[in-house]
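Coordinate-derived values only; no laboratory data. The shown structure was predicted, so the numbers you read here are calculated from the model rather than taken from an experiment. Positions of Cβ are generated from backbone atoms using ideal geometry, with glycine treated the same way; all protein chains shown enter the neighbour counts.
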Amino acid sequence: MKIVKFLQGRGLVSAYGFLSYKCHPIRCNRVVTRVLQAPLCTASSGDNIPQVCIVGSGPAGFYTAQSLLKGDKKLTVDIYDKLPVPFGLVRFGVAPDHPEVKNVINQFSTLAEGQRCSFVGNVNVGQDVSVEHLLQAYDIVVLSYGAEDDTTLGVPGEDLPGVYSARSFVGWYNGLPEDTHLNPDLKSSDTAVVIGQGNVALDVARILLTPIDLLKKTDITEHALEAIRESAIRRVYLIGRRGPLQVAFTVKELREMVKLPGCRPSLNAEDFVGIPDKIKELPRVRKRLTELMVKTATEAPSGAEAERQAQAKNEWGLKFCRSPVEFLPDASGSRVGAVRLGINKLQVIDGIEKAVPTGETEDFPCGLVLRSIGYKSLPLDPMVPFDSKKGVIPSTEGRVPGVKGLYCSGWVKRGPTGVILSSLNDAMETAKCILKDLSAGELEASHQAGWGKDEILKHLHQKDVQPVLYEDWKRIDAEETRRGEEVGKPREKLTSLEEMLHYAFKH
Ligand SMILES: Cc1cc2nc3c(=O)[nH]c(=O)nc-3n(C[C@H](O)[C@H](O)[C@H](O)COP(=O)(O)OP(=O)(O)OC[C@H]3O[C@@H](n4cnc5c(N)ncnc54)[C@H](O)[C@@H]3O)c2cc1C
């Protein structure tokens, strides 16, 4: 009661009115602490500061927050995520053996620990709270919710056991709660096929073939480590519908694969006939990539490398000008046993080399198929425009037309391509557009400080949704780090929502 009086005295009653609701004691205490720490606000609307809500705590969300906070020294940002843990695909996508890529988390954490930025996890926007409600509570809403679905091939047999999306497989080894129980069968066959020739395809191939002694020092989940330890997979082939000049992976990832301990490359020199003549005309980045492929395919290794490759138990390769037309069951009929590949030829159409089916096919035996042909964004809320063909929210420099105060950034804005750094550039564009609209008076700060978040927390409380704040995430983080230390890993991820929430609210 004393606190309420204190707040009333400072004109904060409407902002924090939900204190009178029956609260979970821990949650209530935390809210009270925040209230006491909150900056005093003035009643005059002219003095209000813009409140921004960002949906999605991946790179796009954090980079948008960073650019906004830098660009306006008053504005505040609340980042919501449907998971109790932040960082999106940096945590759930980036391969466990690429810890250096995850260093960006330090930068994002510093931001979330700052006074003007907060993380609110375990809130599924579109389900727990609508975009419309967010727009009422905040002056600006930025949708940065990424691409959580995957593209399918639409060919017969795609549903056979043993055929998985690379997205789920990645989620499984990285501890994404919805994929924890994927339990892929890695024992029934020694051959896996990855449909696609991008970096995600190389990631999953590499994880399948990396020696267990290297994997066990990473933050790969324990269940994946155990399955890979017992895996029978010895060969992984990446299938592409076009040729070597069209692969989508990058040279760093290819080099890593070429040098993978215990594994030899198996590229077919015939696939590269005529390619060396074209190399000099290629842009620099593709030139380096193609040179490495040609070298690997056509030059016999010598010395120690020859020795290494001769002793390697595992093998990986690239198959070009092939498109899956059907997945065939094995002899038992219960799971995938082969992929039927349509053979293509390359033909220049409108200046672009395209894959044209020859009508011929070949069957390629395999017991595991990972489909890696792209991620896909889904519409979030009926009030948000969505281009289903392109799988993006249509926007101009991040501004969503027709809905005042609504913006987007990241994969949901430009489509599911590009690295973390691409999201930085993209987020900067969206932030610049917001700051421009603010200074042009297109948007106004209409609420007292802290109102937006408190309005949403009040709503979540009524719906019995327990938001996970940054300090709650730090408890999950501490538990994961503690478990990791016990087994010599940087962290042992909690892989179920129940466990995450248990540690989030454990005091
Ligand atoms: C397998 C894989 C490996 C990769 N490896 C690398 C790499 O090594 N190096 C590199 O630079 N890039 C890598 N990338 C690319 C990089 O991860 C992306 O460019 C980047 O994560 C895209 O950022 P984003 O914020 O748009 O999306 P995301 O990172 O997907 O973030 C979206 C966030 O929104 C949240 N969200 C979704 N729906 C809702 C909702 N309804 N309500 C609230 N929150 C929601 C999600 O939980 C998630 O946290 C990789 C990508 C993949 C798929």
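Looking at this model, which pairs from Lys82/Lys474; Lys216/Lys252; Lys217/Lys287; Lys216/Lys287; Lys73/Lys376 are more than 24 angstrom apart at the alpha-carbon?
Too far apart for the 24 Å limit: Lys217/Lys287; Lys216/Lys287; Lys73/Lys376.
When DSSP assigns beta bridges and you keep just the ones with both residues in segment 149-373, what percent turn out antiparallel, to the nearest 5?
45
Quick one: which of 488-497, 190-199 comes out on top by average Cβ neighbours within 10 Å, and what's the full order, highest first?
Final packing ranking: 190-199, 488-497.
Where the only charges are on Cβ atoms (+1 Lys, Arg; -1 Asp, Glu), what is the dipole of the chain about its Cα centre, to the nearest 20 debye?
1000
Give the Kirkwood hydrodynamic radius (Å, one decimal) of the chain, defined as one over the mean of 1/r across all pairs of different Cα atoms.
Final number for the Kirkwood radius of the chain is 24.9 Å.
Segment 336-407: D in µm²/s via Stokes-Einstein (Kirkwood Rh, Cα pairs, 20 °C, 1.002 mPa s)?
D = 130 µm²/s.
For segment 149-373, what relative contact order do you get, as a whole percent, if you take Cα pairs closer than 8 Å and at least 6 residues apart?
So the answer I get is 30 percent.
If each residue's Cβ is checked for other Cβ atoms within 10 Å, how do Trp172, Trp451 rank with the fewest at the top?
Starting with the residue having the fewest Cβ neighbours, the order is Trp451, Trp172.
Charges on Cβ only, +1 for Lys and Arg, -1 for Asp and Glu, centred on the Cα centroid of the chain; of Gly374, Leu214, Ala300, which one is farthest towards the dipole's positive end?
Most positive-ward Cα: Leu214.
Compare the peptides 293-300, 372-379, 452-459 by average per-residue count of other Cβ atoms within 10 angstrom and give them in order, highest first.
Packing order, densest peptide first, comes out as 452-459, 372-379, 293-300.
Which residues in segment 360-397 place their backbone N less than 15 Å from a point set 7 Å from the Cα of Glu326 along the Cα-to-Cβ direction?
Label zone hits: 360-365.
Relative contact order of the chain, please, whole-number percent, based on alpha carbon pairs below 8 angstrom and at least 6 residues apart.
Dividing the mean separation by the residue count of the chain yields 23 percent.
Would you tally the net charge around Pro156, using a Cβ to Cβ cut-off of less than 13 Å, leaving Pro156 out, and scoring K and R as +1, D and E as -1?
Combined, the nearby Lys, Arg, Asp and Glu give -2.
Would any residue of segment 420-458 have its amide N under 11 Å from a label point 7 Å out along Cα→Cβ of Met383? List them or say none.
Residues passing the 11 Å test: none.
Once you charge only the Cβ atoms, +1 for Lys and Arg and -1 for Asp and Glu, what is the size of the charge dipole of segment 149-373 about its Cα centre, to the nearest 20 debye?
The dipole magnitude comes to about 780 debye.
Please report the Cα spread of segment 77-152 along all three principal axes, rounded to whole Å, starting with the longest.
42, 41, 18
Quick one: which of 355-361, 51-57 comes out on top by average Cβ neighbours within 10 Å, and what's the full order, highest first?
Put in order of decreasing packing, that is 51-57, 355-361.
Work out the FRET efficiency for Lys474 and Ser266 from their Cβ-Cβ distance, taking R0 = 60 Å, and round it to the nearest 0.05.
So, using R0 = 60 Å, E works out to roughly 0.85.
Which one, Gly450, Asn425, Asn48, projects farthest toward the positive side of the charge dipole computed for the chain from Cβ point charges (K/R +1, D/E -1)?
Asn48
Taking a virtual spin label 7 Å from the Cα of Glu486 along the C-beta vector, which residues in segment 150-176 bring their backbone nitrogen under 20 Å of it?
The answer is 174-176, whose backbone nitrogens lie closer than 20 Å to the label point.
State to the nearest 20 debye the size of the charge dipole of segment 128-275 about its Cα centre, where the only charges are +1 on K and R beta carbons and -1 on D and E beta carbons.
In total the dipole reaches around 1000 debye.
Using 0.36 nm per residue of separation minus the Cα-Cα distance, give me the extension gain between Ser302 and Ala440 in nm, one decimal.
The Ser302-Ala440 span can extend by a further 43.1 nm.
Of Ile228, Ser109, Leu75, which is farthest towards the positive pole of the chain's charge dipole, taken about the Cα centre with +1 and -1 on the beta-carbons of Lys, Arg and Asp, Glu respectively?
Leu75
Calculate the spin-label point distance for Lys70 paired with Lys278, positioning each point 7 Å from the Cα along the beta-carbon direction, and give it in nanometres.
A separation of 3.9 nm, rounded to one decimal place.
Out of residues 5 or more away from Phe119 or on other chains, whose amide H comes under 5 Å of its own, with H placed 1.01 Å from N in the peptide plane?
Under 5 Å from the amide H of Phe119 lie the amide H atoms of Ile79, Tyr470, each far enough along the sequence or on another chain.
Let me make sure I get this right: for segment 149-373, a, b and c are the square roots of the gyration tensor eigenvalues over alpha carbons, sorted descending. Under 1.5 in a/c it's rounded, otherwise prolate if a/b > b/c, else oblate. Which is it?
oblate
Quick one: work out the % antiparallel among DSSP beta bridges in the chain, nearest 5.
Approximately 40 percent, going by the DSSP bridge assignments.
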